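In what follows, a structure is listed as structure tokens, so that the remarks can point back to it.
The values are calculated or read from the model by the stated rules, or taken from the named source; none is laboratory data. Since we're looking at a predicted model, the values are computed, not measured. Cβ sites come from the backbone with ideal geometry, for glycine too, and all protein chains shown count toward neighbours. Areas reflect the complete protein model, heavy atoms only, side chains present, ligands, DNA and RNA absent. Shrake-Rupley method; radii C 1.70, N 1.55, O 1.52, S 1.80 Å.
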Amino acid sequence: MARRLLKLTVNGRDREDAVDDHALLVDHLRGIGLTGVKQGCDAGECGACTVLVDGEPRLACITLAASVEGQRVETIESLAQNGRMSRLQAAFHEKLGTQCGFCTPGMIMSAEALLRRHAQPSEREIRAALGGNVCRCTGYVKIVESVQCACAAAAGA
């Protein structure tokens, strides 16, 4: 199998790693210790592996690592700063949006992309942004409330 040197920025750090030409981004990220990126369906249907690539949500389980050459990749690990959860992470904790927690990293990364574009989205916009993320534990009420709580925290800050 052919390998290549992959240069990209992961969570603010420039990296150069040897990867197989056909390596998936989810496998590469987990292989470098970023286990917050979850492997769920491996078919791009559940959203558990959602990361941000140049600020946009991307399903890492159907993205070739080589296809993000030179781009900026952010995982759930990038959101906490100095040991403190981001407002979105804190809101998911406070409003019980995590449930079992498996889908949470992908949910938070999709919501993070939305909030960067639109600081005060409507419930409909939140639900649309999270439409590619599946949670098997809830009816999404607590998840939507968590995103709304993060918006309220940002407005009050």
* Averaged per residue, what accessible area in Å² does segment 87-156 show with a 1.4 Å probe, protein chains only? -> 49 Å²
* **Dipole moment magnitude, nearest 20 debye, segment 87-156 about Cα centre, only Lys, Arg, Asp, Glu C-beta charged** => 80 debye
* To the nearest 0.05, how large is the calculated FRET efficiency for GLN39 and VAL141 if R₀ is 30 Å and r is the Cβ-Cβ distance? -> 0.70
* Could you calculate the contour length gain from ALA155 to ARG116, that is, 0.36 nm times the residue separation minus the distance between their Cα atoms, to one decimal place in nm? => 12.7 nm
* Asked: What percent do you get for the relative contact order of segment 87-156 when only Cα pairs under 8 Å and 6+ apart count?
  -> 52 percent
* To do: At 0.36 nm per residue, minus the direct Cα-Cα distance, what do ARG4 and LEU96 gain on full extension? Give it in nm, one decimal, please.
  => 28.9 nm
* Structure fact -> Computed over the chain: longest principal axis from alpha-carbon atoms vs helix 141-156 long axis, angle to nearest 10 degrees, is 80 degrees
* Area of ARG58 that stays accessible when all protein chains are in place (1.4 Å probe, Å², to 10) -> 80 Å²
* What percent does the relative contact order of segment 15-157 come to when contacts are Cα pairs within less than 8 Å and at least six residues apart? -> 25 percent
* To do: Restrict the search to segment 9-89; then list the GluC sites (Glu not before Pro) that DSSP places in a loop and that have at most 16 other Cβ atoms within 10 Å of their Cβ.
  => GLU45, GLU69
* Structure fact -> Using eta = 0.890 mPa s and T = 25 °C, Stokes-Einstein with Kirkwood Rh from Cα pairs puts D for segment 87-156, in µm² s⁻¹, at 212 µm²/s
* Note down the accessible area of ASP14, probe 1.4 Å, to the nearest 10 Å². => 130 Å²
* Structure fact -> Order by accessible surface, 1.4 Å probe, largest leading, for residues SER146, SER86 comes to SER86, SER146
* To the nearest 20 debye, what charge dipole does the chain have about its Cα centre, counting +1 at the Cβ of each Lys and Arg and -1 at the Cβ of each Asp and Glu? -> 340 debye
* To do: Please arrange ILE62, ILE32 by accessible surface area, largest first, computed with a 1.4 Å probe and ligands excluded.
  => ILE62, ILE32
